[in-house]
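Asker: Once you've had a glance at the structure underneath, I'll fire off some questions.
The values are calculated or read from the model by the stated rules, or taken from the named source; none is laboratory data. Since this is a predicted model, take the numbers as computed values, not measurements. Cβ coordinates were reconstructed from backbone atoms using ideal geometry, including for glycine residues, and neighbour counts include every protein chain displayed.
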Amino acid sequence: MGPRPINRLLLPVVLLALLLGQLPLAAEEASLYKRRPPTSEDYARQGEDYTRQLERLHQGLAEQEAMAVEAWQREQSLMAELAQLDHELTVRQERQGELEDQIVRQRELIARQREALDQALQELNQAEEHLRARLAAAYRMGATGLLNILFSAQSLPELLDFQESFHHIIEHDRHSFARYRQNIANLEETGQELDRKQAELLAISEELQRQEEELQKARGQHAALLRRVQIEKQLYQQARQEIARATEKLRAALTDLQARMEVEAAAQRLRPAPLAGDFAALRGRLVPPTSGPILSRFGQKEVTGRPTALPRDPSKGITIAGAPGAGVYALARGTVAFADNVEAYGKTVIIDHGNEYFSLVAGLDDILTLPRAEVRQGEIIGRLKNDSGEGAVATGPVLYLEIRWGLRPIDPLPWLRGQ
């Protein structure tokens, strides 16, 4: 006849109180959850996330490539416009140079024309002075003097010669004055024409200079826009390179994830299939929670790897020598009743397998499950230490295992396969 049943909700607490004489504190569920090993479902979800990220990266890469092509086209268009502006500037600068040469020549012509006009005016003034002096002399001589000159001739032919000479003088003076005046008029008209032409050349030169300034301004705006477009193109190219690198990293991560999924699938195939039925029916068919030789047996007083702080009572469980960092797995399906650190035992996990059967493992380095979590047979719930500190012996880390029915400890060895 078995022990009197007690409240199942109190069994884990009472079990620990009887085992260790104290009530342990609860662990932080968030930190334990972060340390939970990934399952095949986690790998699948992560693979889906990687696939979505790859799709977004491919879309972003296509967008960056399209924008880079657009920037390249804008760059080519701006460069063609700049070349056209440079050509127009060159043409206008050459035209401006030609106009400046024409203006210089025009100014030289105007200067020579003004010198000729001044010379003609000077000659006219001299002729006027000469004629004025001759007229003054004739006026002083008067009519009597003129008659005296005329009648002083010795003969009629001489008189006629004198008259003809006097007539030639008068005609010469009249023609000279007319020629001088016409010459001056022509020089003044030519000077005015030169001035008008010089004004036109100056106006054309100013217009060309204004157009050149506008072209220079347009060229500066195009050059600034070209620099911005080139910077945008460089940024698009850098973004493409970064996206390409991120894509390669993500592909490598996805390949690694697929490899881990294959390893996990292989491990799942090699792991013993969960056993159906009540815990009691699994006697002699349970896989040890970790691989390794048995160091101490149930009821033994001197337990290898047993914490020295505990009394030297007969052992209520067994100890197994495990590999450093090896995984610790659930004996059978059940609910985690306790997962936290316990003084003198270290990190401990208790699983309720139903019908008042419990399994306890202690001496863990990491707890990889949570209180109230449902676990499957063979699911990892912790890891052993990686060193030979407390809870380890010369052969490596040690795992302590108990099986209880109600509050009564049971020898675990008859329950384990191959023992």
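Asker: Is there a residue being part of a helix (DSSP H, G or I) and under 30 Å from Q96 (Cβ atoms) anywhere in the stretch 239-261?
Answerer: No, that holds for no residue.
Asker: So, in the stretch 344-388, how many residues would count as being touching a Phe, Trp or Tyr at 6+ places or on another chain (Cβ under 7 Å), within 19 Å of S291 (Cα to Cα) and charged (D, E, K, R)?
Answerer: Residues that pass the stated criteria total 1.
Asker: Next question, about the same structure. Could you tell me whether any residue of the stretch 131-144 is modelled with pLDDT of 70 or more, assigned to a helix (DSSP H, G or I), touching a helix residue (DSSP H, G or I) at 6+ places or on another chain (Cβ under 8 Å) and not aromatic (F, W, Y)?
Answerer: yes
Asker: Another question, if that's okay. Which one of these is part of a loop (DSSP other than H, G, I, E, B) and surrounded by 21 or more Cβ atoms within 10 Å (Cβ to Cβ): L331, L360?
Answerer: Only one candidate qualifies: L331.
Asker: Do the conditions hold for L275, that is, is it part of a loop (DSSP other than H, G, I, E, B), surrounded by 15 or more Cβ atoms within 10 Å (Cβ to Cβ) and modelled with pLDDT under 85?
Answerer: Values: part of a loop (DSSP other than H, G, I, E, B): yes; surrounded by 15 or more Cβ atoms within 10 Å (Cβ to Cβ): yes; modelled with pLDDT under 85: yes.
Considered against the rule, which asks whether it is part of a loop (DSSP other than H, G, I, E, B), surrounded by 15 or more Cβ atoms within 10 Å (Cβ to Cβ) and modelled with pLDDT under 85, L275 comes out as yes.
Asker: While we're here: Name the residue that is nearest to R107 (Cα to Cα), counting only residues in the stretch 174-192 that are surrounded by 15 or more Cβ atoms within 10 Å (Cβ to Cβ) and hydrophobic (A, V, I, L, M, F, W, C).
Answerer: Ranking the candidates gives L187 first.
Asker: Can you say whether Q216 is in contact (Cβ under 8 Å) with a residue 24 or more places away in the chain, out of contact with any Leu (no Cβ under 9 Å at 6 or more places or on another chain) and assigned to a helix (DSSP H, G or I), as far as the supplied structure shows?
Answerer: no
Asker: What are the residues in the stretch 59-87 that are surrounded by 15 or more Cβ atoms within 10 Å (Cβ to Cβ) and among the acidic types (D, E), if any?
Answerer: Answer for the stretch 59-87, where residues must be surrounded by 15 or more Cβ atoms within 10 Å (Cβ to Cβ) and among the acidic types (D, E): E65, E75, E81.
Asker: Condition first: surrounded by 12 or more Cβ atoms within 10 Å (Cβ to Cβ) and under 30 Å from L257 (Cα atoms). Can you find one or more residues in the stretch 107-114 that meet it?
Answerer: Checking the stretch 107-114: not a single residue is surrounded by 12 or more Cβ atoms within 10 Å (Cβ to Cβ) and under 30 Å from L257 (Cα atoms).
Asker: Just to be sure, is R52 farther than 19 Å from L226 by Cα and not polar (S, T, N, Q)?
Answerer: yes
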